[in-house]
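A.B. asks: Sending over a structure as structure tokens; questions will come in a sec.
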Amino acid sequence: MIENGADVEMLLEISDLKTHFRTPRGTVRAVDGVSLTLERGKALGIVGESGSGKTILSRSIMGLLPRHGVIREGSVKFRGQEILGKSTKEMQSVWGREMAMIFQDPMTSLNPVMKVGRQIAEPLMLHLGMSKAEARQTAEKLLRDVRIPEATRRLDQYPHELSGGMRQRVMIAIALACGPTLLFADEPTTALDVTVQAQILELINEQRRDRNMSLILVTHDLGVVAGFTDEIAVMYGGKLVEKAPTKVLFERMKMPYTEALLQSIPRLDQPSHSRLAVIPGRPPDLVNPPKGCRFAPRCAYARDRCLTEEPQLTVAESPDHVYACHYPVGSPEYHERRVELSKASTAVGGSI
Amino acid sequence: MSDTDNLVHAVDTTDGGATNPADSPADEAVKRRLGWGFWLCIGWIVLMIVLAFLAPYLSIKDPNANFIDMSGKGRPPYGPSMDHWFGTDKDARDIFSRTLYGARISLTVGFVAIAFGLLVGGTLGILAGYFRGWFDRIISFVFVILLSFPSLVLAIMLTSLIERSLLTISLVLGVLSIAPVGRLARASTLQYADREFVTAARQIGATNRRIIMRELLPNVVIPMGALALLGMAVAIVAEGGLAFLGLSVEKGITWGFLIQLGSEGSTTLQKSPWIAFFPIFVLFFTVLALNFAGDRLRTYLDVKESAL
Amino acid sequence: MRFWLQRVAMAVLLLLSVSALTFGAMNILGDPLFNILGPVAGDVNNPDSVKLIEKAKAEFDLDEPLVVRYGLWLSDFVRGDMGVQFSSDGQPPVSDLIKERLPRTATLVLLAQLMAIVIAIPWALATASRAGKLSDRISTMNTFFLVAMPNFALAIILKFVLSIKLGWMPLTYVANDPLSSRLWQMVLPALTIALPVAAVFQRLLRTDLITTLQQDFILMARAKGLSRRRVLFRHALRPSLFSFITVVGLNTGALIGGSIVVETIFRIPGIGSSLVESVLREDFPVVLAIVMIVAVAFVLINLLVDILYSIIDPRVRR
């Protein structure tokens, strides 16, 4: 995992990225000072509940935001070049060509009145200057790459004639069309059947390896990112709260929030029908975020300090693992509270 | 349409889709106020009604008298002056007082027409929506037939068959408004007929008559009220069109007739544009006021576009 | 297939009802005998008049029951025989009048429809992509003004400004001019009809475009790196056209209504102005024929709209 810094190509360097929206209700601080880096060929998972700012973060990196009412500050360097201040026009040569995005819902993300072939051919003709015939040929090849049967016939079909999984494959084909170096996948499997989910993730991963792309996988499901990413960033309330190489994170997570996220996914080693832990409460209001730690109001391990003093990102045992918590998992205060909690729950259980 | 207009004011949408963080409580507030524009329009409409009503009692000039000027201004028409605010037509009749008198017929026709349309169309629509079945099918088909003519063509056809008096012209235009009003009433009734309070009333043994009068009517009347202002505007314009074509109330002064007088022949409009233009302005502002007020009211009462 | 059969059956039923009602109204409320003969019809004591009355009754089957007369009229009508004009000397067939005048009205309405569409689409695209900005609000106000302006008033204003004051446009239509100048003379009348209609179209399309622009596939299109223009034209426009097309069809009625007024103001001898003339002269066969032609056109256009619909939206195709 740890590589020699000298010959690693840094594809993406984000520092203190802020993305705020002006609304009638006030300024929504959807992304509030996030720093990240991503090497060429690596996969980063961004994990959080809905409303944590993970989707906005990915779109903000790409620059794919509404034109008005948005404040975007900080720095986003792509291949060493600052892209944050670039105009939409300048970014259009980057979108689809260098950076591409797979969206969440394949049902609504494909144009319903345009043939699939045309939709794939569009960026090919635009960015690579292909002729109609060349683009069509390439589109067919792309459909084969994403393992759609009868590719030739599919070119002339409309999205509504395809199944959900098939449509997501089409979307992947569109994203891959111009050979981007950075691929964003925003909850690419949420809208799909469970059986199809694994296939789609496998396909994305395989294409990433074959094409030496970097991947940013946005999801609410820690289970999804586990097998497919090199590093994981956990977001809460518009902030980065923990970041570590995947293996390290799963072995030694520091944030109670990360732990809670992990407990909210079903696991095979648990007996079936065992209750899933649900994180109580709702994500914070990003117009008036809580003063201290943004997770504190929902955190079982929070103390007075958490409500008043905002924790800063701290380096854990290994230097590539950072977290923002006053009383992280494994600290004495954490254990103390944990004992109290288990006592309370057995007491409740005993009384029944 | 305008509810959506208000909603998009807050969020730019071209590049939108990415996020829609605007949870629009402020838009809600905009929607829930009628605004000064609405009251301005109502003010104009009330002014017009009052002036029209009081026209014979105001000390304005006789609309049918000829004010030939002997002091060397030559032959009429005369342009606007202190004496004749809106000028005179080529028979030296005062345009200002004629415009006020014109309001009498134009507004009456507009009012009676939409009242008739609401009464007949509303009743048929509610009954069709409540009883459904074959009755609904027949009524709906009648509405389709009425709507399958361009309204002006239908109006012209009907006026050709009758004596053109104030009442008959009003009724002809009322017939035209039956189908649009009826469809709205039917749609609103369908919307309410299955609600709990109607089912509840039926279960405690209320008669159909009671359910319709007590439960449905109050709910259906609200969207119709907003439609009434828009419908009145449409009727006034339609009357204007008929009058312009010489097919409205015979020998009566109406706005459309005045406008027609101002534009007939090849030189009237060129030499004395005021004859046509003053009535045009008054007609235009009245219709605009009715449209705007009706539109605001519809937004305010939150009548769904689809129901129209 | 079944769907289309139903649509066509409905259209035929509608036309039959419309024609029956119109025919009935004309014959019950009006007095056909009086319309044919004038005052002579009431002069039953004069043997000469009686002879004329008998002749007219026989010629026009006036002694037959209404239903039979309707059947006769209908079978004539579908074969292109629309009866004779009462008001003209020598009673020339109505179809002659229609043949002469219908093309002018058709041209006018078609030209107006085209203008309305050509004006409305770019207008809607421009305002939808700037929704909420000052230019969009000004445009909304303009649409309000245009919609509230009665067409005869608009005709007079446009004629006054463009023809009389500026002299850019011809004042009236001259039936004997060459085709190109007649088309040019049609431009202002067509514009008069088209402007308010374009305003209605624009408001509708703008609303639908704004909805479409919030769809995921628009974001997807942007993420492909397509230009704003391309996103608007290639991705947003077509899925937004559904209700636009319906309303374009439905509004043909408004166009035909508008043409009646405009033909009168600009002195275009089309079927619209002839409808007004024949009503004033109580020439019922002409009125009946024109009303029927308008109704047929209206119903056919709506059928056409349904077909267009299925071309634009692949989802309703089978």
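The values are calculated or read from the model by the stated rules, or taken from the named source; none is laboratory data. Bear in mind that the values here come from a model prediction, so they are computed numbers and not experimental data. All Cβ positions, glycine included, derive from the backbone under ideal geometry; neighbour counts span all protein chains shown. Surface accessibility is based on the protein's heavy atoms, side chains included, excluding ligands, DNA and RNA. Shrake-Rupley method; radii C 1.70, N 1.55, O 1.52, S 1.80 Å.
A.B. asks: Of these, C:Leu219, C:Leu205, C:Leu162, which one is over 21 Å from C:Ala106 (Cβ atoms), away from chain A (no Cβ under 14 Å) and touching a Ser or Thr at 6+ places or on another chain (Cβ under 8 Å)?
C.D. replies: C:Leu205
A.B. asks: Identify all residues within the range B:169-192 that are closer than 17 Å to B:Arg132 by Cα and open to solvent by 40 Å² or more (accessible area, probe 1.4 Å); write none if there are none.
C.D. replies: Hits for the range B:169-192 are B:Arg183, B:Arg186, B:Leu190, B:Gln191, B:Tyr192.
A.B. asks: Let me ask something else. Going through the range A:14-24 one residue at a time, which ones are crowded, with 16+ Cβ neighbours inside 10 Å and more than 17 Å from the chain's Cα centre (by Cα)?
C.D. replies: A:His20, A:Phe21, A:Thr23, A:Pro24
A.B. asks: Sticking with this one: Considering only the range C:71-96, how many residues are open to solvent by less than 40 Å² (accessible area, probe 1.4 Å), outside any loop (DSSP other than H, G, I, E, B) and within 18 Å of C:Ile290 (Cβ to Cβ)?
C.D. replies: Number of matching residues: 5.
A.B. asks: Can I ask one more? Just a yes or no: is a residue in the range B:84-93 closer than 22 Å to B:Val249 by Cβ, over 23 Å from the mean Cα position of the chain (by Cα) and modelled with pLDDT of 75 or more?
C.D. replies: yes
A.B. asks: Please enumerate the residues belonging to the range A:82-95 that are surrounded by fewer than 17 Cβ atoms within 10 Å (Cβ to Cβ) and either within 7 Å of chain C (Cβ to nearest Cβ) or without any contact (Cβ under 8 Å) to a residue 12 or more places away in the chain (or both).
C.D. replies: Those that are surrounded by fewer than 17 Cβ atoms within 10 Å (Cβ to Cβ) and either within 7 Å of chain C (Cβ to nearest Cβ) or without any contact (Cβ under 8 Å) to a residue 12 or more places away in the chain (or both): A:Glu82, A:Gly85, A:Ser87, A:Lys89, A:Glu90, A:Ser93.
A.B. asks: Out of the range C:158-190, which residues are in a helix (DSSP H, G or I) and either among the small types (Gly, Ala, Ser) or open to solvent by 40 Å² or more (accessible area, probe 1.4 Å) (or both)?
C.D. replies: Scanning the range C:158-190 gives C:Val161, C:Ser163, C:Lys165, C:Leu179, C:Ser180, C:Ser181, C:Arg182, C:Leu183, C:Trp184, C:Ala190.
A.B. asks: If a residue has to be touching a helix residue (DSSP H, G or I) at 6+ places or on another chain (Cβ under 6 Å) and either open to solvent by 30 Å² or more (accessible area, probe 1.4 Å) or facing another protein chain (nearest Cβ under 7 Å) (or both) to count, how many in the range C:136-145 make the cut?
C.D. replies: Counting residues in the range C:136-145 that are touching a helix residue (DSSP H, G or I) at 6+ places or on another chain (Cβ under 6 Å) and either open to solvent by 30 Å² or more (accessible area, probe 1.4 Å) or facing another protein chain (nearest Cβ under 7 Å) (or both) gives 0.
A.B. asks: A further question follows. Taking the range A:199-224 only, how many residues are out of contact with any helix residue (DSSP H, G or I) (no Cβ under 7 Å at 6 or more places or on another chain) and part of a strand (DSSP E or B)?
C.D. replies: 1
A.B. asks: Name the residues in the range B:97-107 that are open to solvent by 50 Å² or more (accessible area, probe 1.4 Å) and either of a type in the set (Lys, Arg) or at pLDDT 90 or above (or both), would you?
C.D. replies: B:Arg104
A.B. asks: Residues that are within 8 Å of chain B (Cβ to nearest Cβ), farther than 17 Å from C:Leu158 by Cβ and under 10 Å from the mean Cα position of the chain (by Cα): does the range C:285-297 have at least one?
C.D. replies: There is at least one residue in the range C:285-297 that is within 8 Å of chain B (Cβ to nearest Cβ), farther than 17 Å from C:Leu158 by Cβ and under 10 Å from the mean Cα position of the chain (by Cα).
A.B. asks: Please tell me if A:Gln119 is in contact with a Leu (Cβ under 8 Å, 6 or more places away or on another chain) and at the interface with chain C (Cβ under 8 Å from one of its Cβ atoms).
C.D. replies: Answer is no for this residue.
A.B. asks: Determine whether the range C:182-192 contains at least one residue that is hydroxyl-bearing (Ser, Thr, Tyr) and within 14 Å of chain A (Cβ to nearest Cβ).
C.D. replies: no
A.B. asks: Please give the number of the condition B:Lys251 fails out of (1) of a type in the set (Lys, Arg); (2) modelled with pLDDT of 80 or more; (3) over 29 Å from C:Asn142 (Cβ atoms).
C.D. replies: With (1) of a type in the set (Lys, Arg); (2) modelled with pLDDT of 80 or more; (3) over 29 Å from C:Asn142 (Cβ atoms) applied to B:Lys251, the lone miss is (2).
A.B. asks: Any residue at all in the range B:203-210 that is among the β-branched types (Val, Ile, Thr) and over 18 Å from B:Phe135 (Cα atoms)?
C.D. replies: Yes: the range B:203-210 contains one or more residues that are among the β-branched types (Val, Ile, Thr) and over 18 Å from B:Phe135 (Cα atoms).
A.B. asks: Another question, then. Please specify each residue of the range A:100-141 satisfying the condition of being aliphatic (A, V, I, L, M), under 25 Å from the mean Cα position of the chain (by Cα) and open to solvent by 10 Å² or more (accessible area, probe 1.4 Å).
C.D. replies: Result: A:Met107, single match.
A.B. asks: Then there is this: Among B:Ile162, B:Ile236, which is in contact with a helix residue (DSSP H, G or I) (Cβ under 9 Å, 6 or more places away or on another chain) and open to solvent by less than 30 Å² (accessible area, probe 1.4 Å)?
C.D. replies: Going through B:Ile162, B:Ile236 in turn, the sole match is B:Ile236.
A.B. asks: Within the bounds of the range A:260-274, is there any residue that is within 19 Å of the chain's Cα centre (by Cα), closer than 30 Å to A:Arg167 by Cβ, in a helix (DSSP H, G or I) and at pLDDT 90 or above?
C.D. replies: Looking through the range A:260-274, none of the residues is within 19 Å of the chain's Cα centre (by Cα), closer than 30 Å to A:Arg167 by Cβ, in a helix (DSSP H, G or I) and at pLDDT 90 or above.
A.B. asks: So if I check each of A:Glu98, A:Glu73, which one is of a type in the set (Asp, Glu), more than 11 Å from chain C (Cβ to nearest Cβ) and touching a residue at least 24 places away in the same chain (Cβ under 8 Å)?
C.D. replies: From the options A:Glu98, A:Glu73, the qualifying one is A:Glu73.
A.B. asks: Take the conditions over 30 Å from B:Glu163 (Cβ atoms), open to solvent by 20 Å² or more (accessible area, probe 1.4 Å) and modelled with pLDDT of 85 or more and apply them to C:Ala20. Does it pass?
C.D. replies: No: the conditions fail for C:Ala20.
A.B. asks: For the range B:139-158, give me each residue that is more than 12 Å from C:Val291 (Cβ to Cβ) and within 7 Å of another protein chain (Cβ to nearest Cβ).
C.D. replies: Residues satisfying the conditions are B:Val144, B:Ile145, B:Ser151.
A.B. asks: Of all helices (runs of 4 or more DSSP H) completely enclosed by the range B:189-307, which ones contain at least 1 residues that are more than 20 Å from the chain's Cα centre (by Cα) and within 12 Å of another protein chain (Cβ to nearest Cβ)?
C.D. replies: Answer list for the range B:189-307: B:255-263, B:268-271, B:274-301.
A.B. asks: Of all residues in the range B:125-135 being open to solvent by 20 Å² or more (accessible area, probe 1.4 Å) and either touching a strand residue (DSSP E or B) at 6+ places or on another chain (Cβ under 9 Å) or not aromatic (Phe, Trp, Tyr) (or both), which is modelled with the highest pLDDT?
C.D. replies: The extreme case among them is B:Leu127.
A.B. asks: Output the number of the condition that C:Val261 fails; it satisfies all remaining conditions of (1) at the interface with chain B (Cβ under 8 Å from one of its Cβ atoms); (2) within 30 Å of A:Gly129 (Cα to Cα).
C.D. replies: (2)
A.B. asks: Something else: How many residues are among the polar types (S, T, N, Q), open to solvent by 20 Å² or more (accessible area, probe 1.4 Å) and closer than 20 Å to C:Met186 by Cβ if we restrict to the range C:235-267?
C.D. replies: 2
A.B. asks: Could you tell me whether any residue of the range C:111-129 is surrounded by 16 or more Cβ atoms within 10 Å (Cβ to Cβ), without any contact (Cβ under 8 Å) to a residue 12 or more places away in the chain and either part of a helix (DSSP H, G or I) or of a type in the set (Gly, Ala, Ser) (or both)?
C.D. replies: no
A.B. asks: Where the second residue is acidic (Asp, Glu) and the first is without any contact (Cβ under 8 Å) to a residue 60 or more places away in the chain and lies in the range B:45-66, which pairs have Cβ atoms under 6 Å and are six or more apart or on separate chains?
C.D. replies: The qualifying pairs are B:Lys61/B:Asp94; B:Asn66/B:Asp91.
A.B. asks: Still on this structure: Test of understanding: among B:Ala293, B:Ala238, B:Ala233, B:Ala228, which residue is within 25 Å of C:Leu204 (Cβ to Cβ) and in contact with a Phe, Trp or Tyr (Cβ under 6 Å, 6 or more places away or on another chain)?
C.D. replies: B:Ala293
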